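First, the structure itself, so that you have it in front of you.
The values are calculated or read from the model by the stated rules, or taken from the named source; none is laboratory data. Note that the structure is a prediction, hence the values are computed from the model and not measured. Glycine also receives a Cβ, built like all others from the backbone with ideal geometry; neighbour counts cover every protein chain displayed.
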Amino acid sequence: MSKSEQLFAEAQQYIPGGVNSPVRAFRAVGGTPLFIARAEGAYLFDADGKRYIDYVQSWGPMVLGHAHPEVIEAVVEQAQSGLSFGAPTELETELAEELCRLWPNMDLVRFVNSGTEATMSAIRLARGFTGRDKIVKFEGCYHGHSDSLLVKAGSGALTMGVPSSPGVPASVADHTITLTYNDPESVRECFAQLGDQIACIIVEPVAGNMNCIPPEPGFLETLREVCDQYGALLILDEVMTGFRVSLTGAQGHFGIEADITTLGKVIGGGMPVGAFGGKREIMEQIAPLGPIYQAGTLSGNPVGMVAGLETLRLVQEPGLYDQLNARTEKLVNGVLDAAKEAGIPLTANRAGSMFGFFFTDEPRVTNYKQVMACNGKQFNRFFHGMLDEGVYLAPASYEAGFMSAAHSDEDIEQTIAAARRVFATMA
Ligand code: PMP
């Protein structure tokens, strides 16, 4: 029995499913999750001491790679001054100032402890600001596990929301309209019918929770347009894409203006930090300035703030994003070539240093239905083959992959060589 198997068995005695976030349990791919002992740069080391080239990178935050020495040093130093005060610190202002300086659509920003809190609060703010209840989201986009957002649509663009989980009241789900990603026409139709009741559209400007689906040209522009036309707010959920797709996220990359932006992952450098921010007149409605309530005992946590500050300082080193993009492109092209050689149909998407592979004959994958129609069995064989080879991919076919600045050319070449060997066994 491996150490991970033993630890997983013990964990299941005390923690539901042995994990604190479901996808970690390897349910989609089968087998035993790796229990991680430590991580460094591009690598994870499991409890059995085996090394893996890691393309999960804690689901996105570790854009510099794991345990960057300067981030760790800042965290350790800050921790010695105390872990939490429940009172303001200068560090919060420093990080807020940095975000507002870099992101043109952010005049004011509030820190929270997770992406879920950021989107949940942004939705409340949009509802409070507009005085409307309905929200629009897209099938396959994930915005955390709050009630309003844990909803997927039935068939037809305007069907009432159906909760994705027991425990979400139908009366809450009723206010959530779910449309098809990359289908601007359905958005126009929806607003033509219900526009004056819709508080906001929330969208992942590159979808990273149904594998990796970039926006088609014109899709995000349509969202901006209908929001302006009907007085709704556009929430760009950049929890995953912020400081990942580019220094200014997907909104900078695609040139789309957000009313409210949500951030998480990279801005905490691996610590639990989220944020939501936006235009001054909207953000001024938040307590204590305005009547819309939002709070947090550990929000703006000093250790999280320094991890974020140090990470954001380091990602601004010249050429970092160019290097990330080039490495990601090299990986994606190498794996595609390897699949082709083996005669395995494979398609890929990439946005900055986010990427995804699809086991399908379709030359392009642009929405949730197509993602769900991919060959899951083949993905699972690929996943386990790569894991045996010492390459850690996300343990589900509907998750994006992430490159870090710590991945070397050699790591990528090793990954492609591993993929070639695994494809050969699958052909
Ligand atoms: N929004 C997006 C786009 C996400 O990818 C995630 C998590 N992967 C969330 C929100 C929720 O963040 P958290 O898991 O930190 O609550």
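Report yes if some residue within segment 312-328 is within 16 Å of the ligand (Cβ to nearest atom) and not hydrophobic (A, V, I, L, M, F, W, C); otherwise report no.
Within segment 312-328, the first condition is being within 16 Å of the ligand (Cβ to nearest atom), and the residues that meet it are none.
The answer is no, given that none of the residues of segment 312-328 is within 16 Å of the ligand (Cβ to nearest atom) and not hydrophobic (A, V, I, L, M, F, W, C).
Consider Val63 carefully, then state whether it is surrounded by 12 or more Cβ atoms within 10 Å (Cβ to Cβ), touching a His at 6+ places or on another chain (Cβ under 8 Å), hydrophobic (A, V, I, L, M, F, W, C) and assigned to a loop (DSSP other than H, G, I, E, B).
Numbers: surrounded by 12 or more Cβ atoms within 10 Å (Cβ to Cβ): yes; touching a His at 6+ places or on another chain (Cβ under 8 Å): no; hydrophobic (A, V, I, L, M, F, W, C): yes; assigned to a loop (DSSP other than H, G, I, E, B): yes.
For Val63, the condition - surrounded by 12 or more Cβ atoms within 10 Å (Cβ to Cβ), touching a His at 6+ places or on another chain (Cβ under 8 Å), hydrophobic (A, V, I, L, M, F, W, C) and assigned to a loop (DSSP other than H, G, I, E, B) - is not met.
Would you kindly identify the strands (runs of 3 or more DSSP E) lying entirely within segment 72-185 that contain at least 1 residues that are modelled with pLDDT under 95, touching a strand residue (DSSP E or B) at 6+ places or on another chain (Cβ under 9 Å) and of a type in the set (Lys, Arg)? Break it down into steps so the answer makes sense when it comes.
Numbers: elements: 108-112, 134-138, 151-153, 161-163, 176-179.
Counting at least 1 such residues, we get 151-153.
Report yes if some residue within segment 33-55 is within 16 Å of the ligand (Cβ to nearest atom), modelled with pLDDT under 95, outside the structural domain of His253 (by TED's automatic domain parsing) and outside any helix (DSSP H, G or I); otherwise report no.
Narrowing segment 33-55 to residues within 16 Å of the ligand (Cβ to nearest atom): 55.
Still in the running and modelled with pLDDT under 95: none.
The answer is no, given that none of the residues of segment 33-55 is within 16 Å of the ligand (Cβ to nearest atom), modelled with pLDDT under 95, outside the structural domain of His253 (by TED's automatic domain parsing) and outside any helix (DSSP H, G or I).
Can you run down the residue pairs with Cβ atoms below 6 Å, 6 or more apart or on separate chains, where the first is in segment 359-387 and free of Cβ contacts under 8 Å to residues at least 60 places away in the same chain and closer than 30 Å to Lys137 by Cβ and the partner is among the aromatic types (Phe, Trp, Tyr) and part of a helix (DSSP H, G or I)?
Phe359/Phe379
Within the set of pairs 6+ apart or on separate chains, which have a first residue in segment 104-128 that is over 15 Å from Asp147 (Cβ atoms), a second that is within 10 Å of the ligand (Cβ to nearest atom) and assigned to a helix (DSSP H, G or I), and C-beta atoms under 7 Å apart?
Once the first residue is over 15 Å from Asp147 (Cβ atoms) and sits in segment 104-128, its partners that are within 10 Å of the ligand (Cβ to nearest atom) and assigned to a helix (DSSP H, G or I) give Val112/Ala118; Gly115/Lys265.
Among strands (runs of 3 or more DSSP E) lying entirely in segment 195-296, which contain 3 or more residues that are within 13 Å of the ligand (Cβ to nearest atom)? Can you show your working first?
Numbers: elements: 198-203, 233-237, 260-263, 274-278.
Result: 233-237, 260-263, 274-278.
Evaluate segment 359-381: report whether one residue or more is of a type in the set (Val, Ile, Thr), buried (at least 20 other Cβ atoms within 10 Å of the Cβ), assigned by TED's automatic domain parsing to the domain that holds Gly60 and modelled with pLDDT under 95.
Taking segment 359-381 as the starting set, the residues that turn out to be of a type in the set (Val, Ile, Thr) are 360, 365-366, 371.
Narrowing the set further to residues that are buried (at least 20 other Cβ atoms within 10 Å of the Cβ) leaves 365, 371.
If we keep only those that are assigned by TED's automatic domain parsing to the domain that holds Gly60 as well, we get 365, 371.
Among the residues that remain, those that are also modelled with pLDDT under 95 are: 371.
Within segment 359-381 (the criterion being of a type in the set (Val, Ile, Thr), buried (at least 20 other Cβ atoms within 10 Å of the Cβ), assigned by TED's automatic domain parsing to the domain that holds Gly60 and modelled with pLDDT under 95), the answer is yes, since at least one residue qualifies.
Also: Here are some residues: Glu139, Glu90, Glu98. Which one is of a type in the set (D, E, K, R), more than 27 Å from Val226 (Cβ to Cβ), assigned by TED's automatic domain parsing to the domain that holds Ile292 and surrounded by 15 or more Cβ atoms within 10 Å (Cβ to Cβ)?
Numbers: Glu139 fails: more than 27 Å from Val226 (Cβ to Cβ); Glu90 fails: surrounded by 15 or more Cβ atoms within 10 Å (Cβ to Cβ).
Exactly one of Glu139, Glu90, Glu98 is of a type in the set (D, E, K, R), more than 27 Å from Val226 (Cβ to Cβ), assigned by TED's automatic domain parsing to the domain that holds Ile292 and surrounded by 15 or more Cβ atoms within 10 Å (Cβ to Cβ), namely Glu98.
Still on this structure, I have one more. Taking Gly115 and the conditions (1) surrounded by fewer than 20 Cβ atoms within 10 Å (Cβ to Cβ); (2) within 16 Å of the ligand (Cβ to nearest atom); (3) not acidic (Asp, Glu), which numbered condition does it fall short on, given that it satisfies the others?
(1)
Listed residues Gly401, Gly304, Gly300, Gly308; which is of a type in the set (Gly, Ala, Ser), touching a Lys or Arg at 6+ places or on another chain (Cβ under 9 Å) and buried (at least 17 other Cβ atoms within 10 Å of the Cβ)? It would help to see each step written out before you state the result.
Details: Gly401 fails: touching a Lys or Arg at 6+ places or on another chain (Cβ under 9 Å); Gly304 fails: touching a Lys or Arg at 6+ places or on another chain (Cβ under 9 Å); Gly308 fails: touching a Lys or Arg at 6+ places or on another chain (Cβ under 9 Å).
Being of a type in the set (Gly, Ala, Ser), touching a Lys or Arg at 6+ places or on another chain (Cβ under 9 Å) and buried (at least 17 other Cβ atoms within 10 Å of the Cβ) holds for just one of Gly401, Gly304, Gly300, Gly308, which is Gly300.
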